[in-house]
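The values are calculated or read from the model by the stated rules, or taken from the named source; none is laboratory data. Given the structure is predicted, the values throughout are model-derived calculations rather than measurements. Quick reminder, even Gly has a Cβ in these numbers, built from the backbone with ideal geometry, and neighbours come from all protein chains shown. Heads up: the accessible areas ignore ligands, DNA and RNA and are worked out on the full protein's heavy atoms, side chains in. Shrake-Rupley method; radii C 1.70, N 1.55, O 1.52, S 1.80 Å.
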Amino acid sequence: MEPPTEITHQDAEALLKRIAARDCEALGVFYDAFAGRLLSVAMRILNDAAMAEDVLQEVFVQIWERADTYDPGRGGVFTWTVVMTRNRAIDRYRSRQRSLQVLERVAAETDSMVEEPAPVDSDRDAGLRSAVGELTADQRTVIELAFFKGLTQS
């Protein structure tokens, strides 16, 4: 793979060396040269602009953190960045697929729970109402948010 036409292979390697030395300006130039094509790679895999942009950001963080690991003997700079982008996008795609499967499973389990009403226990219900009635408004709000909205303590 060839680097984008705006930058030569030698320039890209020089920029990576500067990035490894924590030169922010070099990262900006590198971003301007490579971001468009890398975003396109992520978009082809994910077909979701927001997720592709997140992947691009993660890739540039990785470039910042790992610029010193680039090995010219294993391929060009552009190829190195495309492989990083591809791998991150595939990871994100797989994660999204797993999340969708979990949501479908939870929805199915929830549907089956709704179909089977819980037995009525008037003593328990009365005790629960009494206990909730003794809470302050703030405490009741916290309980309601946790139970009905699924929010955590934090």
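So, in nm, how far is label residue 54 from label residue 100 when the simple model puts each one 7 Å beyond its Cα toward the Cβ?
Label-label distance for residue 54 and residue 100, simple model: 1.5 nm.
Could you please state how large a percent of the accessible area of the range 13-57 is carbon and sulfur, counting protein chains only and using a 1.4 Å probe?
51
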